[in-house]
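In what follows, a single structure is set out as structure tokens and then discussed.
Please treat every number below as a calculation from the coordinates, not as lab data. Everything numeric here is computed off the predicted structure, so don't read it as measured data. Using ideal geometry, Cβ is built from the backbone for each residue, glycine included, and neighbour counts are taken over all protein chains shown.
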Amino acid sequence: MTDLLIKNATLINEGQRQQADLRVADGRIDQIARQISARDNDTVIEADGCWLMPGMIDDQVHFREPGLTDKADMASESRAAVAGGITSFMDMPNVKPPTIDHEALVAKLDMARGRCAANYGFHLGATNDNIEAIKRVDGTQAAGVKIFMGASTGKMLVDDDSALEAIFEHSPLPILTHCEDTPMIEANAARARETYGDDVPMRQHPVIRSREACIASSKKAMDLATRHAARLHILHITTAEELALFAAGPMADKKITAEACIHHLFYSEDDYDRLGALIKCNPAIKTEADRRAILQAVADDVIDVLATDHAPHARADKDNSYFSAPAGLPLVQHAVPSLVDQVIAGHFSAEQLVTKMAHNVADRFDIIDRGYLREGYWADLVLVAPAGQTVVDDEPVLAKCGWTPFAGHTFAARVKATVVSGQLAYHDGKLSQGCIGQALAYDR
Ligand code: DOR
């Protein structure tokens with residue numbers, strides 16, 4: 001591994017900005033100082049004042065392995081991720097077979113070893129009857145326990161109240177929930193079928209996957225967590241009403257935290273007519289007022305974590321009618337540019353971005369030595385030119401599905417370089433061939 005020196009960067013870290021150089025040696029941040037001289041064999045990157053931040057730790061991706069590798073795999077999607085400034089990812093359990101026991105978790109860790117361009121971690125999935133696996137989960141091997149409290153891609157709905165009580169009472173790890181009330185959604189879907197037959201307009205998605213379904217389910221998860229004093233992280237919040245349920249303030253003071261995803265910050269229901277099933281996802285993209293409320297909640301420290309929920313599906317499958325088109329979008333390749341654009345638009349600060357895409361994620365999941373620019377920590381870095389422009393159509397789409405909802409769009413910002421565990425993974429538009437991420441380690 002060659003050592004790396006990044007010169008004249010604007011470091012954004014732990015609520016502060018400083019002009020500095022940063023040196024990487026043996027995979028770790030060796031030195032941060034105003035001026036560092038290059039040594040022989042250092043690869044030197046001139047940052048020209050660009051923003052140097054800890055790389056994004058994405059706590060919610062669907063890389064589809066094992067079993068769904070016609071859609072995506074860990075190798076393909078992790079390469080797309082590093083191009084988007086993501087240095088670590090945590091993958092969801094709705095694969096085939098689902099990651100619902102120790103054996104499936106270890107199999108995924110084995111599968112990832114040596115094949116991912118980013119660092120990797122995995123969540124254990126909950127079911128109506130795997131409480132024993134959850135109780136025994138090894139916290140050095142799993143990031144968290146994921147509960148689909150609403151049905152989505154895969155058959156992982158947990159709808160047995162006694163199972164939910166037991167999971168919230170006994171989970172030794174943070175619980176992550178997908179909150180949508182499935183019976184309410186099914187009733188809405190039946191009504192839509194009566195009105196439209198099979199030809200339901202895509203604009204009906206947030207009517208069927210309704211705000212009431214999200215609110216009811218998020219309230220239920222919060223009630224469970226409060227009664228059992230559990231650590232709860234509610235994923236992909238989409239409505240203003242749900243935001244009002246969370247406390248504002250630093251994450252360290254919270255047992256219940258909230259995540260928002262880049263597509264819910266970027267799109268509103270006004271985009272269904274243009275993009276149709278390409279932006280069909282669960283929970284649904286809702287109103288412009290909701291989008292604005294989520295952006296404000298990031299600024300107000302109500303939202304603690306920013307993620308992608310990268311969920312690729314074949315383009316041809318998306319060309320189906322409402323009920324047949326799968327839900328989910330490929331997003332990792334444009335993660336950091338889209339978030340920096342929200343900063344440039346004035347919705348929240350760059351310091352808050354760093355807190356929510358890196359520091360808080362590392363803290364929430366007890367990740368060892370990552371998520372901060374600190375001497376001695378692993379060198380997981382993203383260097384961003386805030387006015388460098390990413391013309392989406394000029395770049396190859398790296399996700400295996402071969403499409404992006406952002407086609408035709410230009411982001412103001414550009415990822416200049418991504419460093420994963422000290423290796424230059426992506427630089428000036430080129431992926432490096434030999435970058436190998438590591439398994440995340442958890443302090444538990
Ligand atoms: O839109 C979604 N797609 N939401 C989910 O919860 C799952 C995901 C997928 O796996 O396709």
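Figures for the structure shown
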| quantity | calculated |
| --- | --- |
| Those lysines that a straight Cα-Cα span of less than 20 Å connects to K280, excepting residues fewer than 8 apart in one chain | K71, K155, K318, K400 |
| Isotropically averaged projected area of region 341-399, using the convex hull of Cα atoms (one quarter of hull area), nm² | 5.7 |
| Helical contribution to [θ] at 222 nm, DSSP H n ≥ 4, -39,500 (n - 2.57), averaged over the chain, rounded to 500 | -7500 deg cm²/dmol |
| Distant alpha-carbon pairs in region 255-344 (separation over 22 angstrom), percent | 27 |
| Distance cut-off 23 Å, percentage of C-alpha pairs in region 121-240 lying past it | 34 |
| Those lysines that a straight Cα-Cα span of less than 20 Å connects to K254, excepting residues fewer than 8 apart in one chain | K146, K219, K220, K356 |
| Nitroxide proxy distance, nm - points 7 Å out along Cα→Cβ at R203 and R34 | 6.0 |
| Trypsin sites (Lys or Arg not before Pro) restricted to region 130-207 and DSSP loop, no more than 13 other C-beta within 10 Å | K155 |
| Distance (nanometres) between label positions extended 7 Å along Cα→Cβ at T140 and A252 | 2.7 |
| Relative contact order %, region 99-182, counting alpha carbon pairs below 8 Å whose residues are six or more apart | 30 |
| Whole-angstrom gap from region 193-227 to region 357-421, using each part's C-alpha centre | 31 |
| Efficiency of FRET from Cβ geometry, R17 and R191, R₀ 41 Å, rounded to 0.05 | 0.20 |
| P(r) tail fraction, region 1-154 - alpha-carbon pairs more than 20 Å apart, % | 58 |
| Overall Cα dimensions of region 38-127, principal axis frame, Å, largest first | 51, 24, 24 |
| Burial order of peptide ranges 120-133, 88-101 (average beta-carbon count within 10 Å, highest first) | 88-101, 120-133 |
| Cα gyration tensor shape of the chain, rounded if a/c is under 1.5, else prolate or oblate by comparing a/b with b/c | prolate |
| Packing-based ranking, highest mean first, of 217-224, 105-112 given that Cβ atoms within 10 Å are counted | 217-224, 105-112 |
| Average silhouette area of region 174-310, convex hull of alpha-carbon atoms, in square nanometres | 8.2 |
| Full-extension gain in nm, E212 to D161, via 0.36 nm per residue minus C-alpha separation | 16.4 nm |
